[in-house]
1. Is one or more of the residues making up the range 62-79 closer than 21 Å to ALA8 by Cβ, outside any loop (DSSP other than H, G, I, E, B) and not polar (S, T, N, Q)?
2. What number of residues within the range 133-143 satisfy the criterion of being over 14 Å from LEU105 (Cβ atoms) and either surrounded by 12 or more Cβ atoms within 10 Å (Cβ to Cβ) or acidic (Asp, Glu) (or both)?
3. Check the range 40-62 and report whether any residue there is without any contact (Cβ under 8 Å) to a residue 40 or more places away in the chain and more than 17 Å from the chain's Cα centre (by Cα).
4. Residues to consider are ASN115, ASN153, ASN120, ASN108; find the one that is on the phi > 0 side of the Ramachandran plot and not basic (Lys, Arg).
5. Restricting attention to the range 47-82, and to residues there that are of a type in the set (Ser, Thr, Tyr) and over 22 Å from LEU100 (Cα atoms), which single residue is modelled with the highest pLDDT?
6. I'm checking my understanding of the structure. Among residues of the range 102-116 that are in contact with a Phe, Trp or Tyr (Cβ under 9 Å, 6 or more places away or on another chain) and more than 20 Å from THR152 (Cα to Cα), which one is least open to solvent (accessible area, probe 1.4 Å)?
7. Yes or no: the range 117-132 includes at least one residue that is of a type outside the set (D, E, K, R), out of contact with any Pro (no Cβ under 7 Å at 6 or more places or on another chain) and open to solvent by 90 Å² or more (accessible area, probe 1.4 Å).
Amino acid sequence: MINISLAAFWHDILNLNVSDEYNSMRCYSYLKHFLKYNDDVSLIVGLHNEYYGYGDGIFLNYYNTIINTKPFFKPYYIVSFDYTDSLKLSSLSYFPSKILEIVNLFDNIFYSNSNCSSYNDVLIYMKDNYLEKEVKIDPIVFDIFSSFVIDTNI
């Protein structure tokens with residue numbers, strides 16, 4: 001939990017005045033190479049915009065390159081709790097980054113979509129657009145997050 005909190009903090013700090021598609025890559029590079037953060041925190045930030053292949057991010061481009069050059073390549077896991085699985089491409093996603101992905105998406109929709117005036121509206125929008133049409137976010141993490149938001153009556 002501490003590393004997810006650190007990643008969320010750095011994600012918000014490093015994204016001030018940056019809203020383009022390369023922000024997660026810049027944040028990852030800054031944390032990894034300039035601040036010398038460990039791989040798990042850096043990867044949470046770097047992988048949080050990948051949306052199971054529908055977004056953008058540092059490893060999505062790399063993974064697509066591998067798939068195009070080695071058609072028989074298969075990762076072992078869809079999601080992993082171990083960041084080294086992401087580094088070795090033996091997992092399609094890193095679980096802590098899926099948490100940041102949903103929290104960040106929720107936040108972005110709430111503050112930028114005028115049709116979503118309540119937290120419940122945002123949850124409905126996310127479910128309709130990121131799960132029902134096509135699965136772009138982790139349904140289990142979304143369900144846990146939704147339950148938290150609803151149960152806390154924020």
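1. Taking the range 62-79 and keeping what is closer than 21 Å to ALA8 by Cβ, we get 79.
After this cut, where a residue has to be outside any loop (DSSP other than H, G, I, E, B) as well, the list is 79.
So of that shortlist, the ones also not polar (S, T, N, Q) come out as 79.
Yes; the residues of the range 62-79 include at least one that is closer than 21 Å to ALA8 by Cβ, outside any loop (DSSP other than H, G, I, E, B) and not polar (S, T, N, Q).
2. As a first pass, look at the range 133-143 and keep what is over 14 Å from LEU105 (Cβ atoms): 133-134, 140, 143.
Cutting the leftovers down to either surrounded by 12 or more Cβ atoms within 10 Å (Cβ to Cβ) or acidic (Asp, Glu) (or both) gives us 134, 143.
Number satisfying all stated conditions: 2.
3. So far as the range 40-62 goes, no, none of its residues is without any contact (Cβ under 8 Å) to a residue 40 or more places away in the chain and more than 17 Å from the chain's Cα centre (by Cα).
4. Details: ASN115 fails: on the phi > 0 side of the Ramachandran plot; ASN120 fails: on the phi > 0 side of the Ramachandran plot; ASN108 fails: on the phi > 0 side of the Ramachandran plot.
Answer to the check: ASN153.
5. Narrowing the range 47-82 to residues of a type in the set (Ser, Thr, Tyr): 51-52, 54, 62-63, 65, 69, 76-77, 80.
Add one more test, that the residue is over 22 Å from LEU100 (Cα atoms), and what stays is 65, 69, 76.
Working: THR65: 76, THR69: 83, TYR76: 87.
Only one residue fits best here, namely TYR76.
6. Quick first cut of the range 102-116, residues in contact with a Phe, Trp or Tyr (Cβ under 9 Å, 6 or more places away or on another chain) only: 102-103, 105-106, 109-110, 113, 115-116.
With the extra rule that they be more than 20 Å from THR152 (Cα to Cα), the set shrinks to 113, 115.
Details: ASN113: 31, ASN115: 127 Å².
Result: ASN113.
7. Our first condition is that a residue be of a type outside the set (D, E, K, R); within the range 117-132, this holds for 117-120, 122-126, 129-131.
From what's left, out of contact with any Pro (no Cβ under 7 Å at 6 or more places or on another chain): 117-120, 122-126, 129-130.
With open to solvent by 90 Å² or more (accessible area, probe 1.4 Å) added as a condition, the list becomes 117.
For the range 117-132, residues of a type outside the set (D, E, K, R), out of contact with any Pro (no Cβ under 7 Å at 6 or more places or on another chain) and open to solvent by 90 Å² or more (accessible area, probe 1.4 Å): present.
The values are calculated or read from the model by the stated rules, or taken from the named source; none is laboratory data. Keep in mind that this is a model prediction, so the values were computed, not measured. Methodologically, a virtual Cβ is constructed for each residue, glycine included, from the backbone with ideal geometry; neighbour enumeration extends over all protein chains shown. The area values use the complete protein model at the heavy-atom level, side chains included, leaving out ligands, DNA and RNA. Shrake-Rupley method; radii C 1.70, N 1.55, O 1.52, S 1.80 Å.
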